[in-house]
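Each remark here refers to the structure printed beneath this line.
The values are calculated or read from the model by the stated rules, or taken from the named source; none is laboratory data. All figures in this text were calculated on a predicted structure; none of them were measured in a lab. Using ideal geometry, Cβ is built from the backbone for each residue, glycine included, and neighbour counts are taken over all protein chains shown. Calculation scope for accessible area: heavy atoms of the full protein, side chains included, ligands and nucleic acids excluded. Shrake-Rupley method; radii C 1.70, N 1.55, O 1.52, S 1.80 Å.
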Amino acid sequence: QVQLVESGGGLVQAGGSLRLSCTASTSTFRSYAMGWFRQAPGKEREFVAALSSSGRYTYYADSVKGRFTISRDNAKNTVYLHMNSLKPEDTAVYYCAAASDGVPEVADGYDYWGQGTQVTVSS
């Protein structure tokens, strides 16, 4: 079992920045691809970004490309989501997830999930 704990969410004004963190409770963190998803009220969970186990390959949803950056520090068992130029439509609960196979851009491809952290962007 892998436990994932997100942090860093909060309330920010439009145009501002936040950095989300997700720390994993496993010594094999470096073997997992990591992803970030989000879910707004009344909407389905959607893909935001993903990062290969090596950190070499990154993938982003079109809606966040150029504004968000996913990164990882394998020594700290942590994946980050740097969010810049935030918009009100970025408001959602953000979840991190770990995948043991490939670098999925769909939720079904992930094996473990965190509990989520709320991000609210005011206009």
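Points worth noting:
- Per-selection Kirkwood Rh - region 1-119 (Cα, Å, 1 d.p.): 13.9 Å
- Simple point charges give the picture: +1 on the Cβ of Lys and Arg, -1 on the Cβ of Asp and Glu, and for region 1-98 a dipole about the Cα centre of about 220 debye.
- Cα shape, region 50-123, gyration tensor, a/c 1.5 rule: prolate
- Residue-span extension gain [Ser85 to Asp73] - 0.36 nm each, minus C-alpha spacing: 2.0 nm
- Solvent exposure of the chain as accessible area per residue, Å², 1.4 Å probe: 51 Å²
- Among Ser71, Ser53, Ser17, residue whose mean-square fluctuation peaks in a GNM of the chain (springs only between Cα atoms under 10 Å): Ser17
- Amide H to amide H distances under 5 Å link Thr26 with no residue, where only residues 5 or more positions off or on other chains count and H is placed in the peptide plane.
- Along the chain, the exposed loop sites are trypsin sites (Lys or Arg not before Pro) outside DSSP states H, G, I, E and B with at most 16 other Cβ atoms within 10 Å, and the longest stretch free of them is 68-123.
- Take the Cα of Thr120, go 7 Å toward its beta carbon, and the backbone nitrogen atoms of region 1-41 under 14 Å from that spot belong to 9-14, 41.
- Reachable aspartates and glutamates from Lys43, criterion Cα separation under 13 angstrom, eight or more residues apart if same chain: Glu89, Asp90
- GluC sites (Glu not before Pro) within region 1-79, DSSP loop, no more than 16 other Cβ atoms inside 10 Å: Glu44
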